[in-house]
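Q: Questions regarding the structure given below will be posed in turn.
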Amino acid sequence: MNTQPTPPVHSPGSATSAPRARGGFTLVEVLVALLVLMVSVLALVQLQWGSLRASTDGTQVTLVQVQALDMAERVWLDVSDPLSQVSEWQEEHEASLPGWTGSVEADAADPRLVRIRIEWDGPSSSGATRHDHWVRVPGVAP
């Protein structure tokens, strides 16, 4: 006689069956992981786009500042007629940026002050972007 008890036999669908070991990922886990990855990639793309836009804006502002300083040097070049080279300056720079317009005018209250204004269509703004640069001309009587 066999004195050892026999282990109980369980059918696969019974409530008392032993848990099976999982051997991989379920489809839901894979889809959740893909969703998290997709959201992360979209956030990185948006960050890169913002960085590119800011870089373009910075490049354009730097170019406009150089153009304004170019005109300021021309104003100082001929202090007797500070506005003599405006048309030449405008012709040289009008194709540099989309919607570029440049104007130079003396202040009505103080003719020693000259305002150099450049407007252009910036990539991240609605309408024109404006940059004003003021120059004091030496030797011009008020």
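Q: From the residues in the range 112-137 that are in a strand (DSSP E or B) and in contact with a helix residue (DSSP H, G or I) (Cβ under 8 Å, 6 or more places away or on another chain), which one is farthest from residue 52 (Cα to Cα)?
A: 114
Q: Are any of the residues in the range 65-86 of a type in the set (Phe, Trp, Tyr), under 32 Å from the mean Cα position of the chain (by Cα) and either in a helix (DSSP H, G or I) or at pLDDT 90 or above (or both)?
A: no
Q: Just the residues that are within 31 Å of the chain's Cα centre (by Cα) and not in a loop (DSSP other than H, G, I, E, B), please, taken from the range 87-111. Break it down into steps so the answer makes sense when it comes.
A: To start, the set of residues in the range 87-111 that are within 31 Å of the chain's Cα centre (by Cα) comprises 89-104.
Once the filter is applied, which keeps residues that are within 31 Å of the chain's Cα centre (by Cα) and not in a loop (DSSP other than H, G, I, E, B), the range 87-111 yields 89, 90, 91, 92, 93, 101, 102, 103, 104.
The values are calculated or read from the model by the stated rules, or taken from the named source; none is laboratory data. If you're wondering where the values come from, they're calculated on a predicted model, not measured in any experiment. Here the Cβ is made from the backbone with ideal geometry for all residues, glycine too, and neighbour counts use every protein chain on show.
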